[in-house]
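Novice: Could you have a look at this structure, given as structure tokens, before my questions?
The values are calculated or read from the model by the stated rules, or taken from the named source; none is laboratory data. The structure displayed is predicted, hence computed values, not measured ones. We place every Cβ from the backbone using ideal geometry, glycine too, and count neighbours over all the protein chains shown.
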Amino acid sequence: MKLYEDHLHVRYAPRTPPAYMAHVWVFLEWLAVKGLDLIDVKAKDLDSYQSHLYAFRRQDGRPYAAAYQATRLVVLKHLFRFLYRRSYLLHDPAADIELPRLEKRLPRVILTYQEVRKILEAPDVKTPRGLRDRAILEILYGTGIRVSELTNLTPYDVDTEERVLRVVLGKGRKDRNVPLTRAAAVAIEAYLVKGRPRLVGREKLRVLFLQDRGGRMDRATACRIVRERAEDAGVKKHVTPHTFRHTVATHLLKGRADIRHIQALLGHASLGTTQRYTLVEVSDLKQVIERAHPRGR
């Protein structure tokens, strides 16, 4: 398992290997109960494990979600493909595993432009903390980057003159360049000049965004900042950094942006992931009904 774990660290972002290994250890425990060794696993054993996942219940009696079951099976397919390619196995027993069909869910929360504007204007830009929070919010809405990508940014990843932001080792360990809006570039420049120098602690960290006492910004802090600024703005919706990712995609589509450009901006590996934003919104459908239905007027 050490070789597989090392392989994960080489191929994927830091948060992925522990998550994958957690699923692997659960499977190994199941094998131990069945008296099986990993190298002796057959396709029928994996069918049995899949049935186990389907029948397994949480403490409250509810079954695990199909997405959770699919994740465990995806990890197993990845594990056995690794073992087969490294010649630890003569054949891949997981090659024919069928994953459960998942529902294509729409994003639960999309902000209106008015709500976005209120949130962006909520921080007090007369303070270093406010300058930082404004820059964070402008980046999230301007680029739609993931919160993990945000917290990994360094000052060298931002070019405010050319208005370009470089995401290094994003999801799937892929780099990409994304354009910055003029408002985001201005907010970042103000933070770098007037805000960040006053937040720097004893340890000179290379990351762009710092916590109040100079520590490295983490995911939890970034999420808290977004939530608090939404509350300050009087927005009642449950707002997270990912909400801005959904929102910018929706707003760009409404502005008739090409879906492939949005795919490149968000760093989606599959166009199908981006296409879920193209489904007709209820608000748009209401306008169609009011305009076109005989009894809608």
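Novice: Name every residue in the stretch 58-88 that is closer than 16 Å to residue 46 by Cα, polar (S, T, N, Q) and surrounded by fewer than 17 Cβ atoms within 10 Å (Cβ to Cβ), in order of residue number.
Specialist: Selection gives 71 alone.
Novice: Another question about this same structure. Does the stretch 159-167 contain any residue that is farther than 18 Å from residue 140 by Cα, surrounded by 17 or more Cβ atoms within 10 Å (Cβ to Cβ), in contact (Cβ under 8 Å) with a residue 24 or more places away in the chain and touching a Pro at 6+ places or on another chain (Cβ under 8 Å)?
Specialist: No, there is no match, as no residue in the stretch 159-167 is farther than 18 Å from residue 140 by Cα, surrounded by 17 or more Cβ atoms within 10 Å (Cβ to Cβ), in contact (Cβ under 8 Å) with a residue 24 or more places away in the chain and touching a Pro at 6+ places or on another chain (Cβ under 8 Å).
Novice: If only one of 219, 256, 260, 146 is exposed (fewer than 15 other Cβ atoms within 10 Å of the Cβ), within 19 Å of the chain's Cα centre (by Cα) and either farther than 23 Å from residue 130 by Cβ or in the same structural domain as residue 14 (by TED's automatic domain parsing) (or both), which one is it?
Specialist: Only one candidate qualifies: 260.
Novice: Let me ask something additional. Would you please list the contacts, defined by Cβ atoms under 8 Å and residues six or more apart or on different chains, that run from a residue in the stretch 188-202 that is outside the structural domain of residue 135 (by TED's automatic domain parsing) to a residue that is exposed (fewer than 14 other Cβ atoms within 10 Å of the Cβ)?
Specialist: none
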